[in-house]
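The values are calculated or read from the model by the stated rules, or taken from the named source; none is laboratory data. Treat the numbers as computed from the prediction; the structure is a model and nothing was measured. Cβ: placed from backbone, ideal geometry, glycine included. Neighbour counts: every protein chain shown. Accessible surface areas use protein heavy atoms only, side chains included; no ligands, DNA or RNA. Shrake-Rupley method; radii C 1.70, N 1.55, O 1.52, S 1.80 Å.
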Protein chains: 2
Amino acid sequence: MALRTQSFKRFTVNVNSQIRHYSVPGEGTVPSAKAKYVPKSGTYPKGFLAASAHVGVKASNTKFDDLALIASETPCSGAAVFTKNKFQAAPVTVTRDMLQRRRGNGVRAVVVNSGCANAVTGKGGIEDAIKMGEETDKLFDEDYNSDDKGSRTVVMSTGVIGQRLPIRKILHKIPTAYSELGSSHSHWMRAARAICTTDTFPKLLSRTFKLPNSEATYSLAGMTKGAGMIHPNMATLLGIICTDAPIAPSALSTLLTSAADKSFNSISIDGDTSTNDTLAILANGAAGGPEIVSDNDPGYAVMQKTLTEFSEDLAKLVVRDGEGATKFITIRVTNAKRYEDAKRVASTIARSPLVKTALYGKDANWGRILCATGYAEGVEGVVPTETSVSFIPTDGSAELKLLVKGEPQNVDEERAAEILEPGDLEILVKLSEEPGQEAVYWTCDFSHEYVTINGDYRT
Amino acid sequence: MALRTQSFKRFTVNVNSQIRHYSVPGEGTVPSAKAKYVPKSGTYPKGFLAASAHVGVKASNTKFDDLALIASETPCSGAAVFTKNKFQAAPVTVTRDMLQRRRGNGVRAVVVNSGCANAVTGKGGIEDAIKMGEETDKLFDEDYNSDDKGSRTVVMSTGVIGQRLPIRKILHKIPTAYSELGSSHSHWMRAARAICTTDTFPKLLSRTFKLPNSEATYSLAGMTKGAGMIHPNMATLLGIICTDAPIAPSALSTLLTSAADKSFNSISIDGDTSTNDTLAILANGAAGGPEIVSDNDPGYAVMQKTLTEFSEDLAKLVVRDGEGATKFITIRVTNAKRYEDAKRVASTIARSPLVKTALYGKDANWGRILCATGYAEGVEGVVPTETSVSFIPTDGSAELKLLVKGEPQNVDEERAAEILEPGDLEILVKLSEEPGQEAVYWTCDFSHEYVTINGDYRT
């Protein structure tokens, strides 16, 4: 496999507050406030390669790469979690089938196009997604058709709904992407940019970690893209995580499901769930050491903690880039009898337009938080006289108590305004005084710009 | 009981598009686009009287009436439906208790204040709500304490959350309102205005109807107020319906529950459910005829249809006045296996910020409608290849098919723009080709002004 290093166009930091280009991949200009989220270097997992290529999936996109390829140098374990939307896009169906057929073994690559979601495209769309996988498989000669389980490629698409892919153009450029594969930071960054649609910055993270009973230093790398939806696009949350730790497919699947629950399934931009949402993980074991086969293995718990935290950090980048967002809100619901109850309350608060507009307005409106807590569906154990609400400042100063066991507090509005001024804020809802389960949700505010992006784009 | 007619200050029609005053009752200026929803006359049920008075519940309100009183000249049947929010305001608790204790018999009045919701106010708030009821009871000397079932008054409050009522001021003005009671259109209109908070127009409807086996002409009158929530207010959906038809309490309760399900429980402004939402009905039988006691009575079905349609029309007025709304959207989901499925799909579409911003942007974005259909929770029988989506124009012209049995249609964008231009639109989602259950939901769009009203009011 060719390993080429390629120079990468440096990000131009833009001083304007927010630039969002509709339906084209991130184009190299990053709003100044977001520049700190774009890493300048990284530590990437051994035996993985990344690349991008320009297809022009949208005819209007004449210059930005819109095809990404991630490959493992050896067949590896793969797992994925998918949208629960009943209108699942063709690549979701095809990838799910592939992973089931292979039982997560012998995966080689992830191929992603932006610009067209290949969703609601009927049988033709399924055929297109299959072709994308097969074209990628062919590049790995030694493995193609080496077993009878078919494709080895995870396929993802994001962009316009209800339109067919320009499949010939895509197939034509998959070998081009392959020829560009490399393992440097800029290779990974190019791939992270190519999967973007309306994102204002590419979302790429990497880190190293240790596992018990192993001398090796392992790496994790992950990229994701945001979940805003622009007409006629239905942009999508996509995530790809790679690690050189050795993990068997069934363990990889449970690790990913649990990590996703506390990360990508614990964020909300606007409550809409797309047809294409996919989070996939590949583990090729290239760093060596004993394989994690089940949750009895000593490395499992550490791997779970590492993967969950990494997934949380990736998912938070999506919220940081929420359409029109001016705030990054952590909602922590504690002392619940059941985790599901805490999560449902947190998710209901995170989705309330009234809470989100109040936060945009820097308004200490605990009534709206309480109200959302009270109408969260299917929740047990919300007792008005046991419920407390506070703001937790991000500077480490004391919490501001708004409601204590159902009693409204005399709120110092000046202090509230101070706490609400910065972009980051934590809302703490205690459902009781008894220790219990906790859930954390991340969300952003609802701004004029959200409405502009999602409603006004034509004018 | 004094029956005084009082001159009523004519509405000033304002040529500016929308005027919304925060936290004070509607002040007599109605946006020109909304003037058509304010009736200039009405036919009101016999034996009911209405009035308003100025309390100044909010200290800043020095001139607008903020106390409404509706009274029946004789003890009557009463029923109500309430918010399902777990943080129920004191008047909700007190009114629910009153109706249970009385089993809906012998009700005399509804007393409502705007400007303070008496929500999250602890035991003191409960005492305040009880006092409002008792003060009203006292005015009906002949009935007060004439049985041992306590208060005869429905109590409602709407406005700021977490603050105590200025209860002495309110109690002081209840006799004033009583002395102003009358049965003219302007009496009803004054009461309808006094319950408003951020509404831009008072919402009052009346109509006459016939029942089988009766020569009498019956009347229905109803008023409601909108469900926007403004800090530090938690404004509320309140509704009061009066009829002079003779209906026993248990029948009244089932009639109301069913009507509410298809009307006030089938609208959404922003998906938030307040602590105070209450819809109450009083039936005094003053127009005579045989009493409707159960659903076996010949009048029951006609009464149900009449009350449901009337409630729908009242509820639609709330949507017409949705905060920042520029569109009135009817969402019709048909051919479902179960009514609940149809309703959940309709409600999910109605709550999707992406659908609502697209409608604001006059964007034929069926992908977002489909997407919301696909992620509606707990719904059976959504099959992508069976689902069709159309826009139904309000001018009676042909529907515009967007998706037919899962196949995207080649949409004439010019025709779509024509259909999306007027303020009213119907979205039709067919879940199958087989006849089945249908649910209708009414909602409005999400505009910049919604964000301004709910986020920017301080700036």
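Cross-linked pairs A:86/A:362; B:36/B:262; B:34/B:356; A:203/B:327: Cα-Cα separations exceed 28 Å for A:86/A:362; A:203/B:327.
With a simple spin-label model that places each label point 7 Å from the Cα along the Cα-to-Cβ direction, the separation between residue A:294 and residue B:424 comes to 6.5 nm. Each DSSP beta bridge with both residues in the stretch A:97-251 is either parallel or antiparallel, and the antiparallel ones are about 65%. With a 1.4 Å probe rolled over the protein heavy atoms of all chains, the accessible area of A:218, A:37 falls in the order A:37, A:218, largest first.
Using 0.36 nm per residue and subtracting the Cα-Cα separation, the extra length available between residue B:340 and residue B:208 on full extension is 44.4 nm. Taking the accessible area of the protein assembly as shown, probe 1.4 Å, and keeping the other protein chains in place, the carbon and sulfur fraction comes to 48%. Of the GluC sites (Glu not before Pro) in the stretch A:96-198, the ones in a loop by DSSP (not H, G, I, E or B) with at most 11 other beta carbons within 10 Å are A:142.
Charge tally around residue A:206: other residues with Cβ under 14 Å, Lys/Arg +1 each, Asp/Glu -1 each, net +1. When chain A is described by a simple charge dipole with +1 on each Lys and Arg Cβ and -1 on each Asp and Glu Cβ, the residue from A:383, A:186, A:43 located farthest towards its positive end is A:186.
Protein-only accessible surface at a 1.4 angstrom probe places the residues B:73, B:418, A:215 in the order A:215, B:418, B:73, largest first. Extending 7 Å from Cα along the Cβ direction at residue B:59 and again at residue B:399 yields two label points whose distance is 5.7 nm. Heavy-atom accessible surface of residue B:34, to the nearest 10 Å², is about 20 Å², with a 1.4 Å probe and all protein chains retained. Our compactness index for chain B, the C-alpha radius of gyration over the empirical 2.2 N^0.38 Å, is 0.98. In the protein assembly as shown, the calculated helix contribution to ellipticity at 222 nm averages -9500 deg cm²/dmol per residue, counting -39,500 (n - 2.57) for every DSSP H run with n ≥ 4. Taking a ≥ b ≥ c as the square roots of the eigenvalues of the Cα gyration tensor, an a/c ratio of 1.5 or more together with a/b no larger than b/c marks the stretch B:129-195 as oblate. The solvent-accessible area of residue A:334, taken with every protein chain present and a 1.4 Å probe, is close to 10 Å².
Note on residue A:414 and residue A:43: their simple-model spin labels are 4.7 nm apart, each label 7 Å out from Cα toward Cβ. Measuring with a 1.4 angstrom probe and ignoring ligands and nucleic acids, residue A:57 comes out at about 20 Å² accessible. When DSSP beta bridges are limited to those with both residues in the stretch B:46-160, what percentage is antiparallel, rounded to the nearest 5? Within the stretch B:46-160, antiparallel bridges account for around 60 percent of the total. Ascending distances from the residue A:412 label point to its copies in the other chains, with the point 7 Å along the Cα-to-beta-carbon line: 6.6 nm.
In chain A, taking the dipole from charged Cβ atoms about the Cα centre, the farthest positive-side position among A:286, A:242, A:139 is held by A:139. Axis of helix B:167-179 versus longest Cα principal axis of chain B: the two differ by about 80°, to the nearest ten degrees. Here the stretch A:344-446 is assigned +1 on the Cβ of each Lys and Arg and -1 on the Cβ of each Asp and Glu. Its dipole about the Cα centre then comes out at about 360 debye. Sorted shortest first, the separations between the residue A:63 label point and its copies elsewhere in the assembly read 6.0 nm; each point sits 7 Å from Cα along the Cα-to-Cβ line.
Treating the angle as unsigned and between 0 and 90°, give the value, to the nearest 10°, between the Cα long axis of helix A:249-261 and the longest Cα principal axis of chain A. The angle comes out at about 30 degrees. Only Lys, Arg, Asp and Glu carry charge here, each on its Cβ (+1 for the first two, -1 for the last two); on that basis the stretch A:331-393 has a dipole of about 220 debye about its Cα centre.
For chain B, the longest principal axis of the C-alpha atoms and the axis of helix B:185-194 are separated by about 80°. The relative contact order of chain A, computed from alpha carbon pairs under 8 Å that lie at least 6 residues apart in sequence, is 17 percent. Computed from phi, the 3J(HN,Hα) profile of the stretch A:99-109 under the Karplus parametrisation 6.51, -1.76, 1.60 (θ = phi - 60°) reads 5, 5, 4, 7, 6, x, 9, x, 6, 10, 7 Hz, with x in place of Gly and Pro. Here the dipole of the protein assembly as shown is about 1060 debye; that uses its Cα centre as origin and unit charges on the Cβ of Lys and Arg (positive) and Asp and Glu (negative).
Using a 1.4 angstrom probe on protein heavy atoms only, the contact between A and B buries about 4800 square angstrom of accessible area, both sides summed. Normalising the average separation of contacting C-alpha pairs (under 8 angstrom, six or more residues apart) by the number of residues puts the relative contact order of the stretch B:206-342 at 29 percent. Surface analysis of the stretch A:259-374 yields an accessible area of 27 Å² per residue, using protein heavy atoms and a 1.4 Å probe. Could you let me know the centre-to-centre spacing of the stretch B:391-459 and the stretch A:51-79, using Cα atoms, in angstrom? Here the two parts' Cα centres lie 36 Å apart.
Of the residues B:435, A:325, B:76, the one whose Cα sits farthest towards the positive end of the charge dipole of the protein assembly as shown is A:325 (charges of +1 on Lys and Arg Cβ, -1 on Asp and Glu Cβ, taken about the Cα centre).
Placing a label point 7 Å from Cα along the Cα-to-Cβ direction at residue B:377 gives distances to the equivalent points in the other copies of 0.6 nm, listed shortest first. Among beta bridges identified by DSSP and lying wholly in the protein assembly as shown, the antiparallel ones come to about 65 percent.
If you sort A:193, A:102, B:103 by accessible surface, 1.4 Å probe, largest first, the order is B:103, A:193, A:102.
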